[in-house]
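Trainee: Encoded as structure tokens, here's the structure I'll be asking about.
The values are calculated or read from the model by the stated rules, or taken from the named source; none is laboratory data. Values in this document were obtained by computation on a predicted structure and should not be read as measured data. As a convention, Cβ positions derive from the backbone with ideal geometry for all residues, glycine included, and neighbour counts pool all protein chains shown. The area values use the complete protein model at the heavy-atom level, side chains included, leaving out ligands, DNA and RNA. Shrake-Rupley method; radii C 1.70, N 1.55, O 1.52, S 1.80 Å.
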Amino acid sequence: MNRREFFRLASMAGIGLSASSFNSLVEAATGPLGVVPTNTGISGRVVDIGGAMAGATVAKYLRLWGGSNVQVTLVERESAYASNILSNLVLNGQRTMSSLQYGYSTLASRYGIKVVKGNVVGIDAAGHKVALADGSALAYDRLVVAPGIELDVIPGLESATAQAKILHAWKAGTQTTALRNQIVAMPSGGTFIMTIPAKPYRCPPGPYERACVVADWLKRNRPGSKVIVLDANPGITAEPLNFTNAFNVVHKGVIEYRPGVTINSVDASTMILNTSAGLIKGNVINLIPPHKAGTVITDNGLANVGGRWAGVDVLTYQSTAAPGIHVIGDSSATTQPKAGHIANQEAKVCADAIVRALGGRAPDPAPMTNSSCYSPITFETASWLTAVFTYDPLTKTMVPSATGEAEGINKDNYEEMFKWFRTLMEDSFA
Ligand SMILES: Cc1cc2nc3c(=O)[nH]c(=O)nc-3n(C[C@H](O)[C@H](O)[C@H](O)COP(=O)(O)OP(=O)(O)OC[C@H]3O[C@@H](n4cnc5c(N)ncnc54)[C@H](O)[C@@H]3O)c2cc1C
């Protein structure tokens, strides 16, 4: 497949649906895209847990495609979404966390989504309602659950004091800014250790990207420092060509990459990691623990894949454990990467399937999705990775039908990264 054909497929899949399905939805809407139609003949109550890449997108498209009689209530425990995407640029001082915040006022005012700030603590699948921590309850016809991930507690990190010192910064927010402060406080000739959990984890290229961004900053600001990457996987899991080049050439002598190393425990008082390769001491330890689905999934009988992830039918994202409940984004177990771009795509396939179900129709039998990730390698260069997935009726999974990796690390990619990011975030939150 040549570059042009790849991008043709990728742009078609950008909507997260097959082209014929998308056209029929556009025709069904009375006004231009961006206006909630009033005459679809479809009605129902949808409760949507989690207002991030998956949850915000599904809420918006349920209203755009379902119309004003599809009541959507989005329950999110935070006041705004803090983007993980581009949050590695907080570590080198190029972005601040406040520049990566996305509120919910546009979703409420433009699309008529009811936004509730609250924490869902229980799901009553038989009674079709969810319980919030404040004692209130919300009834639904269809439930979407998009709570992202939880991180395992590594031995040695049980206390709040230890957690404040050994950071993951893998849920963007205060930890990201705190990790930036730890890096700035490093001495020249210091050691930054980061750990990568075994797959599946969110954003396959993300940890390698972080190693590069930190190495780049240290090289220029704390000479003689090094970045030790301890990867539980047998090798680089994403963009192997570009990251091998980044580690061995661009950041040669700064990044030390060690595959196949797992973490047993950590001592926050001595800053020593106990690993399968022995004891390792660092000035900063950025420990990214193994992931599992959000607590509301694991606590409510939806984690039927290894007890950690939610099994779904990828034609609808309906849970394979409970009918009427759909799980999208990082919590779901699919063959697609756990990534914000894919979360946006899954949300659209799910919104389409719910609208069809409320109207008594079958789901689109041939959905397509795509994923892209741009990775900054230095303060002015980046690489990228992208893939198109199509539904395979034999395996009932999404299979990669085209994949691509940037031909090199350069400034053009770095500029394009911000355009891609702006477009994706507008599609989810504006
Ligand atoms: C450093 C880093 C860089 C990344 N870069 C990229 C990139 O370049 N491209 C890309 O595609 N992806 C990237 N990702 C991955 C991407 O951020 C995630 O895959 C994406 O955020 C997943 O979205 P989500 O909606 O499934 O979950 P999340 O973003 O985890 O959001 C879940 C939401 O649910 C809410 N919630 C959870 N439980 C409850 C509850 N019980 N009640 C109410 N609310 C609840 C949470 O508060 C949160 O807002 C990156 C990730 C990291 C860490």
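Trainee: Condition check: in contact (Cβ under 8 Å) with a residue 12 or more places away in the chain and not in a strand (DSSP E or B). Does Leu230 satisfy that?
Mentor: no
Trainee: I've got another one for you. Which one of the conditions (1) out of contact with any strand residue (DSSP E or B) (no Cβ under 7 Å at 6 or more places or on another chain); (2) away from the ligand (no atom under 13 Å from the Cβ) does Thr57 fail to meet, given that it meets all the rest?
Mentor: Of everything listed in (1) out of contact with any strand residue (DSSP E or B) (no Cβ under 7 Å at 6 or more places or on another chain); (2) away from the ligand (no atom under 13 Å from the Cβ), Thr57 misses just condition (2).
Trainee: Okay, next question. Scan segment 183-199 and give yes if some residue there is more than 12 Å from the ligand (Cβ to nearest atom) and in a helix (DSSP H, G or I), otherwise no.
Mentor: Checked against the condition, which is being more than 12 Å from the ligand (Cβ to nearest atom) and in a helix (DSSP H, G or I), segment 183-199 yields at least one hit.
Trainee: Does segment 106-141 hold any residues that are in contact with a Phe, Trp or Tyr (Cβ under 8 Å, 6 or more places away or on another chain) and either surrounded by fewer than 17 Cβ atoms within 10 Å (Cβ to Cβ) or within 18 Å of Ala321 (Cβ to Cβ) (or both), and which are they?
Mentor: Thr106, His128, Lys129, Val130, listed by residue number.
Trainee: Strands (runs of 3 or more DSSP E) wholly in segment 337-430 with at least 3 residues that are at pLDDT below 95, away from the ligand (no atom under 13 Å from the Cβ) and in contact with a helix residue (DSSP H, G or I) (Cβ under 9 Å, 6 or more places away or on another chain) - which ones?
Mentor: Ranges flagged: 397-405.
Trainee: Restrict the check to segment 69-92 and report whether at least one residue is under 24 Å from Gly324 (Cβ atoms), open to solvent by 40 Å² or more (accessible area, probe 1.4 Å), away from the ligand (no atom under 11 Å from the Cβ) and not in a helix (DSSP H, G or I).
Mentor: Yes, segment 69-92 contains at least one residue that is under 24 Å from Gly324 (Cβ atoms), open to solvent by 40 Å² or more (accessible area, probe 1.4 Å), away from the ligand (no atom under 11 Å from the Cβ) and not in a helix (DSSP H, G or I).
Trainee: Identify the residue in segment 284-312 that is assigned to a loop (DSSP other than H, G, I, E, B) and touching a Phe, Trp or Tyr at 6+ places or on another chain (Cβ under 7 Å) and, among all such residues, is nearest to the ligand (Cβ to nearest atom).
Mentor: Only one residue tops the list, namely Ile288.
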